[in-house]
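Novice: Next up is a structure, given as structure tokens.
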Amino acid sequence: MLTPDSQKSHILISAEIEAEFQRLQTELKPHRVVGFIREKFLIEDAKAVIAEAYISESSTKYIVLGALEFNAVSQNSLLKVLEEPPRNIEFIIISPTKSNLLPTIRSRLPIVKCESFHEAMHLDLNLARIDYAQIFLFLKEHSRAKKSDAKLLVEALFHRATVVDMLILSIAQLNNFDKAYRLLELNSRPQSVLAMILMSFVREK
């Protein structure tokens, strides 16, 4: 959950950029959240951020910048707006490491290290011992999952299987995880995709 401090401008250190952005969108409601999520954050992205910051708002608007890489030119162009943000504007920068960011950027915003999304999600499932009844309950619990939710659940299930339950996945199971992302991108029903993954753990016993 967000604390009052984390509702102010800050840098968030997390490798799970998309997941963190989606969490922020949910937790910061009803405030407006505008995302600039990129693989590489370039000067044109910085210009778009600055333009968005100067669109006046009557209540707090959060501008989220997330990327695996931030080039130095784009960061330098953001210094003034970060130091003197327009009224009702808060910035959140998501980066996998603080070393991605210039010292001048780091000096302007507090740094928050985020606990792993997978740990925060607490999937109460042991995939080594899962049965049909547990699958039914899991699918029922997530019956209203949207595509973005389902992607996060697929990530969390993979983490649960490989890190928490320490399972060695079969080729079929690995293929199912890979296929799940493609199916969700094609707007397949999230419950069907989740069922495909979970059923493979019953069949492998």
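Novice: By the scheme Lys and Arg +1, Asp and Glu -1, what is the net charge of all other residues having a beta-carbon under 10 Å from that of Pro190?
Specialist: In short, +4.
Novice: Related question: Rounded, prolate or oblate, given the Cα gyration tensor of the stretch 119-203, with a/c below 1.5 counting as rounded?
Specialist: rounded
Novice: So, one more: So how do Lys98, Lys80 line up by other beta-carbon neighbours within 10 Å, fewest first?
Specialist: Going from sparsest to densest Cβ surroundings: Lys80, Lys98.
Novice: Among (i) 19.5, 59; (ii) 18.1, 60; (iii) 17.6, 51, which is the computed Rg and Dmax of the Cα atoms in Å?
Specialist: (i)
Novice: To continue, here is another question. Taking the simple approach of a point 7 Å from Cα along Cα-to-Cβ for both Ile111 and Ile168, what is their distance in nm?
Specialist: If labels sit at Ile111 and Ile168, their model points lie 3.9 nm apart.
Novice: Next question, about the same structure. Neighbouring Cβ atoms within 10 Å as the yardstick, rank Asp178, Asp149 fewest first.
Specialist: In increasing order of surrounding Cβ atoms, one gets Asp178, Asp149.
Novice: What is the helix-to-structure angle for 190-203, meaning the angle in degrees between its Cα long axis and the longest Cα principal axis of the chain, kept from 0 to 90 and rounded to the nearest 10?
Specialist: 50 degrees
Novice: Another one. What is the dipole size for the chain, taken about its Cα centre, with +1 at each Lys and Arg Cβ and -1 at each Asp and Glu Cβ, in debye to the nearest 20?
Specialist: Here the chain has a charge dipole of around 300 debye.
Novice: Separate question: With labels modelled as points extended 7 Å from the Cα through the Cβ direction, what inter-label distance (nm, one decimal) is found for Glu83 paired with Ser56?
Specialist: 2.6 nm
Novice: At what distance in angstrom do the alpha carbon centres of the stretch 124-143 and the stretch 73-90 lie from each other?
Specialist: Cα centroid to Cα centroid, the span is 46 Å.
Novice: For Gly35, which sequence-distant residues (separation of 5 or more, or a different chain) have an amide H within less than 5 Å of its own amide H, given hydrogens modelled in the peptide plane?
Specialist: So Gly35 has HN proximity to Val64.
Novice: Then there is this: For each of Val164, Val64, count neighbouring Cβ atoms within 10 Å of the residue's Cβ, then give the residues from fewest to most.
Specialist: Val164, Val64
A short reminder: the numbers here are calculations on the coordinates, not readings from a lab. Quick caveat, the model's predicted, so the values are computed rather than measured. Because the Cβ atoms are built from the backbone with ideal geometry, glycine has one as well, and the counts that use them run over all protein chains shown.
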